[in-house]
Amino acid sequence: MGEGKPEDWIRCDETGKEMLSRVLSGRPFIIPVPPLHRVPLRLGNVVEISGPSNSAKSQVLIQAVVHFILPKEWGGTQFGGTESKVVFFDLDCRFDVLRLSQLLTHRINETCGSIGQIAFDKLFNDCMSRFLYVRCYSSSDFLSSLKELSYQIQRKDEAVGTGIRLLLIDSVGSFHWIDRSNQLRGLCKGKNISPQSFQEAIVHELHELLLLQPLLVLATKASLFRTETLNEYQRSSISNSTGDRNLLFREYMPAVWQSFVTHRIQLHPSDDFLSDGSGPIWSYTSEWLQPSVSMKDRFIVKDDGIFLT
């Protein structure tokens, strides 16, 4: 054991307060936007946002984009953003850039009030320069784009590879059924093109990205709801205005993706409408599944963003 005293092996190097300060300064908690506010998120977390069609999943991503690309402070005005780069992988090919522009414009005007057009254009362009958009048409496109992003980060490319803190995927299961169909066609031709192999490669590349540079990953996933037996489907309880209802949803993503995800939240459109004087507004419910949170939130989507009700 050497000549050291036994006490030297168990002596404290730092207090608990010093340890927490060191850990939190390296990967601080991120103040997320509603409805992601219930659970503290940090760089390195992978959040799956699931829900059926028209459950505001993409709206949550766009709101997160605006929070990250806005500056912390600009011209003496506090915006409360993170002033970080964002990479948005659009697998659904339905990204609404006009919606992003609308939300960003509203946040700037709301915080700054009336500013000159030159100052507004400069701030707006500075924010949008931190937004990196990638459209993919297949799993192979997505995998190639992830590899290219890793390469740019390793090179510390100023245009792409530095300052990225948020990676968005909309929607992670977009090519699942296409890949399964391609597998069947491949088997008929004597080839074995497995969707599982694509997902394993994609998850591996995402894991390598997180090792290269800590990122918060937000990925939407369309939920498939069915009324079937419990041994084939998982049960999910989602609140709506009329009370609790039990819905069965099928998990179609492979195990390699499921084990990669660290947090899960489920969104669902509610059955009632709210009114703000300008007309009825559709409301939504959110429920954290991992970690499990007893409280469920209801929110609405307006022209100027997402608001809890």
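Structural remarks
- Computed from backbone phi, the HN-Hα couplings of the range 194-199 come to 8, x, 4, 5, 4, 5 Hz, rounded to whole numbers (Karplus: 6.51 cos²θ - 1.76 cosθ + 1.60, θ = phi - 60°; Gly and Pro given as x).
- Counting DSSP beta bridges with both ends in the range 56-187, the antiparallel % (nearest 5): 15
- Gain in span if fully extended, His106 to Lys122, counting 0.36 nm per residue against the direct Cα distance: 4.2 nm
- Normalised by the number of residues in the range 21-132, the average gap of Cα pairs under 8 Å and 6 or more apart makes the relative contact order 21 percent.
- Averaging 1/r across all pairs of distinct Cα atoms in the range 101-144 and inverting the result yields a Kirkwood radius of 12.5 Å.
- Phe95 contributes about 40 Å² of solvent-accessible surface, heavy atoms of the protein only, 1.4 Å probe.
The values are calculated or read from the model by the stated rules, or taken from the named source; none is laboratory data. All values derive from a computational prediction rather than experimental measurement. SASA here: full protein model, heavy atoms, side chains in, ligands and nucleic acids out. Shrake-Rupley method; radii C 1.70, N 1.55, O 1.52, S 1.80 Å.
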